Amino acid sequence: MEFIYSSIEWGKLQIQKEKMRVSVRFYANENGKIYDVEVMRKSDIEIFNQEAAKVIKSIPDWDVIYKKGEFCRQYYTMPIIFSEENREKFGSGCFQPQLDPTGTYVIFC
């Protein structure tokens, strides 16, 4: 999970008061390459859905499953939690939160 949270571009995401969960489903081929990525549980804020899918697609080689010597195609579902705790733990620290005209905090890198 460290790879996933460290790969999120926290600086382009709005600060959220509440935790936000986005679930992504995907497959890995017999070489461990990720494909067929689909956001299953979405956020109302589209940039979080896009970031979750982007990070899953960037996973290097995934461990694959073989059953009786044959490749077993199986989907995986990965929940990604966008929270201030994860931002502080894995973010680069390059952001300065600022209020935009609508009263929403925006982060710039």
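Exactly one residue among Lys19, Lys68, Lys54, Lys12 is farther than 17 Å from Gly91 by Cβ and basic (Lys, Arg), and that residue is Lys68. Could you please let me know if Ile34 is closer than 21 Å to Tyr5 by Cβ, surrounded by 15 or more Cβ atoms within 10 Å (Cβ to Cβ), at pLDDT below 95 and in contact with a strand residue (DSSP E or B) (Cβ under 7 Å, 6 or more places away or on another chain)? It is true that Ile34 is closer than 21 Å to Tyr5 by Cβ, surrounded by 15 or more Cβ atoms within 10 Å (Cβ to Cβ), at pLDDT below 95 and in contact with a strand residue (DSSP E or B) (Cβ under 7 Å, 6 or more places away or on another chain). Kindly evaluate Ile4 against the criterion of being more than 21 Å from Trp62 (Cα to Cα) and of a type in the set (A, V, I, L, M, F, W, C). Criteria not met by Ile4.
The values are calculated or read from the model by the stated rules, or taken from the named source; none is laboratory data. This structure is a prediction, so every number in the text was calculated from the model and none was measured. All Cβ positions, even for glycine, are placed from backbone atoms using ideal geometry, and neighbour counts span all protein chains on display.
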